[in-house]
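First the structure, in the form of structure tokens, and then the observations on it.
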Amino acid sequence: MKDTSALLLAVLASRDPALFALAFPQVVTSGKMLRTFVQILRSGRTGRKSLGSRPKAMVQGWLNGATDAQLMAAMVGNDPSLADVIRMVHPKPETASRAAFYAWAIGKPADTAALPQVVQDLIAFRAGATTTVPDVPFQMLSDLTLTPEQWAEVAGRASWAVMRQGLNMLDRKGAFTVPGTVEQVAATLRDPARIKAAKAMPYQLLATLWALGAGVDPRLRDALHDAMEASVSNVPVLQGSVAVCPDVSGSMSSPVTGFRKGATTAVRCIDVAALVAAAVVRKNPGARVLPFEVGVRDVALEARDTILTNAEKLAALGGGGTNCSAPLQALNKAGLAPDLVIFVSDNESWVDGRQGGQATAMMAEWTRLKARNRGAKLVCIDIQPYGTSQAMEREDVLNIGGFSDAVFDQIAAFADGRMGPDHWVGEIRAVQL
């Protein structure tokens, strides 16, 4: 989901160069996003395999305008690496310092005295000329022999995202044996402002918690639980009665990202479904949860439990076939008609075929429920969206493809009747280019 803006920017580069130039600085705000944009554009998936004059000029402009710290952060990562990007676009440096940096980045001889101070510090540290740890991304130091105190220093100035990703490494390097380091890192991890600035996704925190080594200080595990609570702080309080239906069938055990060589996530679709359900229950304690596969499964969630605890309860139910109409059938059998029903599933769940042009079994059950509550609304979150859906879009049905924390805002807007054409026109006009 975080790459979507880079993908759309690449599409815009082919369709409207003028608008592309206006949108570029709003999308490409980091070296990682720059590399992602270049990767997508050169893949050919958006209609071209070369950068072209306008995209090349925009990339050159970003490289020349970036700070030294931004460029050092961009040095981490491959396919393409920052060196690859520099070789592609041949930026014309405007200062001696930047010229030296470009040469150093691509492995050519560089004027050491003209290099940015942070690069000079790194070179000196690598050569053993100083014991002062340079302020660079920790990935540039991972192959060096540092003392626990030095690794604690690295942890103390790391960004929130880097700290989250490096917990196991910092533990192995002995950073947490240094007095005060655990407390400092835990405080950073649970800091709501840092979490918001990092645009943390709930499933990223879940993946971190699962990957955390058994020997890592439990205070850091507690901090991740607190971070999860903060990461879904924008979950709305929904008016009226609510039912959440997470799919726990066998197909939901597939990775959220699908199976991609070198990029398959450990987080499964069922984990995201469980997170959504648990987050809704946290803000809406009266919400009814109906996990389903062939039938509806029994589960008891406590609204006061942490989101991760409730998510783990739901994810543990995984297995079985899929019957998307089962939750609605259960509601109809019980004579219940919630004001809002939220389904969370993957593409494999939308398989109830239409017989002779008739509606799906899910929509047939929805029609029965609507007969008892004409104002009821249905939201279907399809974690791995394709071109088909079991619930066709209409005034009372909203289909959402993919997942991010923005999904919660969309659910609230739809439930409140704020999702008409005027709403989207307003959202689009609010974007300043």
key: Option label - Rg and Dmax of the Cα atoms in Å computed here, alternatives [x] 24.9, 78; [y] 21.6, 66; [z] 23.5, 76   = [x]
ask   = Gap in Å between the Cα centre of the stretch 326-345 and the Cα centre of the stretch 161-179?
value = 45
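Would you mind ranking Ile411, Ile86, Ile106 so that the residue whose beta carbon has the fewest other beta carbons within 10 Å leads the list? Don't skip to the end; give the middle numbers.
Numbers: Ile411 24, Ile86 21, Ile106 15.
In increasing order of surrounding Cβ atoms, one gets Ile106, Ile86, Ile411.
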ask   = Which helices of the chain meet both criteria: a Cα extent of 24 Å or more along the helical axis and a mean Kyte-Doolittle score no lower than 0.5, with helices taken as whole DSSP H segments?
value = none
query = How much FRET efficiency would the formula 1/(1 + (r/R0)^6) give for Thr131 and Thr306, where r is the Cβ-Cβ distance and R0 is 35 Å, rounded to 0.05?
reply = 0.25
inquiry  = Quick check: net charge around Arg98, other residues with Cβ under 12 Å of its Cβ, Lys/Arg +1 and Asp/Glu -1?
reply    = -2
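Per the helix-only calculation at 222 nm, which mean residue ellipticity applies to the chain, given -39500 (n - 2.57) for every DSSP H run of n ≥ 4 and division by its residues, nearest 500 deg cm²/dmol?
Values: 21 runs with 206 residues, N = 433.
Calculated from helices alone, the mean residue ellipticity at 222 nm is -14000 deg cm²/dmol.
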key: Least to most buried among Cys324, Cys269 (fewest other Cβ within 10 Å first)   = Cys324, Cys269
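Antiparallel as a % of all DSSP beta bridges within the chain, to the nearest 5? Write out the running numbers ahead of the final one.
Working: 3 of 22 bridges.
Of the beta bridges lying entirely in the chain, close to 15 percent run antiparallel.
Once you charge only the Cβ atoms, +1 for Lys and Arg and -1 for Asp and Glu, what is the size of the charge dipole of the chain about its Cα centre, to the nearest 20 debye? Mind showing how you got there, number by number?
Numbers: 44 positive and 40 negative charges, 202 e Å.
Around 960 debye, computed over the chain.
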note = Interchain or sequence-distant (5+) residues whose placed amide H lies within less than 5 Å of the amide H of Ile400 are Cys380, Ile381, Asp382
ask   = Using θ = phi - 60° and the Karplus curve 6.51 cos²θ - 1.76 cosθ + 1.60, what whole-Hz ³J(HN,Hα) does each residue of the stretch 191-196 get, with Gly and Pro shown as x?
value = 6, x, 5, 5, 5, 5
remark   = Extend 7 Å from the Cα of Asp222 along its Cα-to-C-beta direction; within the stretch 295-316, residues with backbone N under 20 Å of that point are 304-310
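With 20 Å as the limit, write out which pairs from Lys49/Lys199; Lys32/Lys199; Lys283/Lys313 have Cα-Cα distances beyond it, or answer none. If you can, show how the numbers build up before the last one.
Details: Lys49/Lys199 30 Å; Lys32/Lys199 14 Å; Lys283/Lys313 18 Å.
Distance filter (> 20 Å) returns Lys49/Lys199.
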inquiry  = Skipping prolines and chain starts, which residues have an amide H placed within reach, meaning under 5 Å, of the one on Val289, given they are 5 or more residues away or on another chain?
reply    = Val244
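Need one word for the stretch 1-142: rounded, prolate or oblate. Basis is the Cα gyration tensor (sqrt eigenvalues a ≥ b ≥ c); a/c below 1.5 gives rounded, then a/b vs b/c decides. Numbers along the way, then the final one.
Working: a/c = 2.49, a/b = 1.97, b/c = 1.27.
The shape class here is prolate.
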request  = Scan around Arg268 for amide H atoms under 5 Å from its own, H built in the peptide plane at 1.01 Å from N, and keep only partners 5 or more places away or cross-chain.
outcome  = Val256
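Bear in mind that the values in this text are calculations on the coordinates, not laboratory data. Note that the structure is predicted; figures quoted are calculated from it, not measured. Please note: Cβ atoms are built from the backbone with ideal geometry, for glycine as well, and neighbour counts cover all protein chains shown.
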